[in-house]
Amino acid sequence: MSRPFYILGLAILLTLSLQSRLFQVPPAQLPQLGGHNILEMLLGETRQLISHAFLEKADDYLHGGVKHTTCDGDAHDHADAPHAPTSVPHTQMPRHSPHRDPWSWLNQHLHVQEHRHLSQHQAQELLPWLQAACYTDPHNIAAFETTAYTLERMLHRPHEATNVLQHAIQYNPTSASLELSLAEILLRSLKDIPNATQAFANANRKVQLNNPKTYDEQSMIKGRALFYLGHLALQTHDLSSAQRFLHEAQSTLPRNVATRDLQRLLDQYQAP
Amino acid sequence: MKLYLRQIRTLTNLSLLELYRRKDLWVVLILSVVILAPLSVMTTTGTTPAYRTVNEVALLLIWIFAITINLNITARLLPAEFESRTIYPLLAKPIRRPTLLFGKYCGALVASLSALALFYLVLALLLGIRQGVWGSLILLQALLLHAACLAVTTAITLLGSLFLSVSANLTLVALLVVGMLTNGQQLCQLAATQSIPPRTLLLSLHWLAPHLEFFDLRQRLIHDWPPVSWLLIGYVLLYAAGYITICLTLAGILFQRKRL
């Protein structure tokens with residue numbers, strides 16, 4: 001046999017012997033950190049942009065492939081009827097009237113301008129993009145919540161929705177929003193009261209009200225969590241727990257709508 | 001007239017043979033199958049598979065590969081003849097320069113369209129087998145406009161090959177194609193938000209650059225929107241014919257004045 005084959009054979013033997021030695025090296029002495037996602041290592045912060053792009057793509061699919069700037073909340077109930085965007089920012093209005101610009105006229109007629117919403121049985125089309133968004137950036141909470149919403153409300157698969165959220169909570173253990181979404185699915189669709197109660201309690205515990213930028217969202221989560229906890233406590237005739245939740249709501253969120261609703265609930269329960 | 005047509009046909013056949021001899025088409029076809037086959041059998045969790053994603057990826061690949069083949073064939077046609085000096089025996093026969101140019105154009109176009117037809121055939125099979133949709137009108141319109149798009153890019157690339165190097169020609173045309181496909185619709189809106197110098201540039205692009213996005217019906221095809229009216233298709237084809245005429249006329253003038 002020629003010399004290159006000998007050298008190749010020696011190289012393979014050397015590689016195999018070094019490989020077995022590497023496994024004996026203590027993990028703390030390895031050059032890379034173990035357990036990191038390969039995408040995180042390759043893409044770094046770019047994965048957030050890519051994940052966001054996948055989420056936007058799913059939104060485009062929801063609207064029949066059209067990018068839209070605004071959409072009425074009610075429009076999401078109209079499954080198949082196409083409608084135009086409700087408003088176009090003034091800065092985006094073209095100077096040239098479409099009637100004097102044949103190219104713009106052609107574009108407007110060739111490419112779809114109005115958008116329509118996918119019907120519920122077509123919501124399956126959103127899943128590949130939503131799954132890609134979740135996989136690319138496990139810290140993209142909006143992606144996980146949108147996936148769970150699509151699975152539960154549009155495709156009527158609540159068990160898969162809870163699996164998605166539980167997976168998300170593993171990557172985002174401090175997120176109160178994910179716990180609240182999980183709790184609502186467990187209560188609304190699966191009627192699993194014990195686990196729902198636990199999830200509402202987790203959401204209440206994880207809420208952080210000290211950041212002014214996220215105060216509105218966090219106070220909404222806390223309010224809803226306390227309302228549901230009080231409601232579930234009254235369901236089991238645990239009045240003391242319900243009053244404790246109301247007291248917590250009144251001390252932390254005195255002007256919140258949920259606090260007022262919980263007060264009304266307790267008053268109705270205690271009324272003769 | 002018969003002689004003229006025979007000359008055109010001969011030049012066209014030469015370009016077709018060149019495409020299949022270089023095996024570019026087969027490489028692209030194999031790549032397409034390798035990428036699309038796993039996607040085709042991939043199913044997300046649930047009983048109904050998601051078709052639109054697979055269709056979108058398939059159409060994106062078709063567009064990328066068709067444009068790549070088209071640019072590769074066309075950009076190297078005339079420079080290769082000049083370098084290997086095989087242009088002289090061609091012109092020594094009684095073939096006029098415009099005839100030669102038009103023959104090369106037809107050859108590159110037919111070669112690109114044959115590849116395109118193959119890709120769309122695979123796509124039609126994919127749609128038929130997976131979704132039970134055979135021979136839809138919107139697919140036919142998409143194919144027709146895509147073919148017109150390739151006719152325009154062939155003319156532009158052929159014009160560029162007369163005064164640019166191969167790599168510069170490929171780069172510029174590729175940038176033009178990608179730029180117009182992604183941003184062609186928004187040029188007017190972008191121009192409205194800019195100051196005068198960039199606004200002038202953007203408006204010039206809007207009026208003069210080839211609006212290749214006219215030929216892109218992927219959105220309608222993927223998301224089950226209704227077909228476009230045939231009158232509009234006619235307008236777009238008229239636009240393509242006009243642009244091709246302008247490019248080939250300029251190419252003819254340049255080729256006539258070119259010192260060989």
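The values are calculated or read from the model by the stated rules, or taken from the named source; none is laboratory data. Keep in mind the model is a prediction, meaning the values are calculated, not measured. Here the Cβ is made from the backbone with ideal geometry for all residues, glycine too, and neighbour counts use every protein chain on show. When the accessible area is computed, the model is the full protein with side chains, heavy atoms only, and any ligands, DNA or RNA have been set aside. Shrake-Rupley method; radii C 1.70, N 1.55, O 1.52, S 1.80 Å.
For segment B:46-66, which residues satisfy the criterion of being at pLDDT below 75 and either surrounded by 13 or more Cβ atoms within 10 Å (Cβ to Cβ) or closer than 28 Å to B:Ala111 by Cα (or both)?
Hits for segment B:46-66 are B:Gly46, B:Thr48, B:Pro49.
If B:Thr200 satisfies all but one of (1) within 11 Å of chain A (Cβ to nearest Cβ); (2) modelled with pLDDT under 95, what's the number of the condition it fails?
Only one criterion is unmet by B:Thr200, namely (1).
Out of B:Leu125, B:Leu176, B:Leu144, B:Leu208, I need the residue that is at pLDDT 90 or above and either surrounded by 21 or more Cβ atoms within 10 Å (Cβ to Cβ) or away from every other protein chain (no Cβ under 14 Å) (or both). Which one?
Testing whether each residue is at pLDDT 90 or above and either surrounded by 21 or more Cβ atoms within 10 Å (Cβ to Cβ) or away from every other protein chain (no Cβ under 14 Å) (or both) leaves just B:Leu176.
Which residues, counting only those in segment A:117-138, are open to solvent by less than 50 Å² (accessible area, probe 1.4 Å) and either at the interface with chain B (Cβ under 10 Å from one of its Cβ atoms) or more than 30 Å from A:Pro173 (Cβ to Cβ) (or both)?
Of everything in segment A:117-138, those that are open to solvent by less than 50 Å² (accessible area, probe 1.4 Å) and either at the interface with chain B (Cβ under 10 Å from one of its Cβ atoms) or more than 30 Å from A:Pro173 (Cβ to Cβ) (or both) turn out to be A:His117, A:Leu118, A:Ser119, A:Ala123, A:Gln124, A:Glu125, A:Leu126, A:Leu127, A:Pro128, A:Trp129, A:Leu130, A:Ala132.
For B:Val173, are the conditions met, namely being within 27 Å of B:Phe65 (Cβ to Cβ), in contact with a Ser or Thr (Cβ under 6 Å, 6 or more places away or on another chain) and among the β-branched types (Val, Ile, Thr)?
Answer is yes for this residue.
Of the numbered conditions (1) touching a helix residue (DSSP H, G or I) at 6+ places or on another chain (Cβ under 6 Å); (2) closer than 17 Å to B:Thr12 by Cβ; (3) not small (Gly, Ala, Ser), B:Trp134 satisfies every one except a single condition; which is it?
All conditions are met except number (2).
Would you be able to say whether some residue in segment A:157-177 is touching a Ser or Thr at 6+ places or on another chain (Cβ under 7 Å), part of a helix (DSSP H, G or I), away from chain B (no Cβ under 14 Å) and surrounded by 23 or more Cβ atoms within 10 Å (Cβ to Cβ)?
Yes.
Which one of these is modelled with pLDDT under 95, within 20 Å of the chain's Cα centre (by Cα), β-branched (Val, Ile, Thr) and surrounded by fewer than 18 Cβ atoms within 10 Å (Cβ to Cβ): A:Thr252, A:Thr214? Reasoning before the result, please.
Working: A:Thr252 fails: within 20 Å of the chain's Cα centre (by Cα).
Of the residues listed, the single one that is modelled with pLDDT under 95, within 20 Å of the chain's Cα centre (by Cα), β-branched (Val, Ile, Thr) and surrounded by fewer than 18 Cβ atoms within 10 Å (Cβ to Cβ) is A:Thr214.
If you check B:Ser229, B:Ser195, which single one turns out to be within 12 Å of another protein chain (Cβ to nearest Cβ) and free of Cβ contacts under 8 Å to residues at least 12 places away in the same chain? Explain how you work it out, then say what you get.
Details: B:Ser195 fails: within 12 Å of another protein chain (Cβ to nearest Cβ).
When all the criteria are applied, what remains is B:Ser229.
Quick check on this structure: which one of B:Leu113, B:Leu140 is of a type in the set (A, V, I, L, M, F, W, C), farther than 30 Å from B:Lys258 by Cα and assigned to a helix (DSSP H, G or I)?
Result: B:Leu140 is the single residue among B:Leu113, B:Leu140 that is of a type in the set (A, V, I, L, M, F, W, C), farther than 30 Å from B:Lys258 by Cα and assigned to a helix (DSSP H, G or I).
Those residues that are over 17 Å from B:Leu16 (Cβ atoms) and either surrounded by fewer than 19 Cβ atoms within 10 Å (Cβ to Cβ) or basic (Lys, Arg) (or both), I need them from segment B:96-119; list them, please. Walk me through it before giving the result.
Start the filter on segment B:96-119 by keeping residues that are over 17 Å from B:Leu16 (Cβ atoms), which leaves B:96-99, B:101.
Within segment B:96-119, B:Arg96, B:Arg97, B:Pro98, B:Thr99 meet the criteria.
Among the residues of segment A:139-152, is there at least one that is assigned to a strand (DSSP E or B) and either within 11 Å of another protein chain (Cβ to nearest Cβ) or closer than 30 Å to B:Asp224 by Cα (or both)?
Checked against the condition, which is being assigned to a strand (DSSP E or B) and either within 11 Å of another protein chain (Cβ to nearest Cβ) or closer than 30 Å to B:Asp224 by Cα (or both), segment A:139-152 yields no hits at all.
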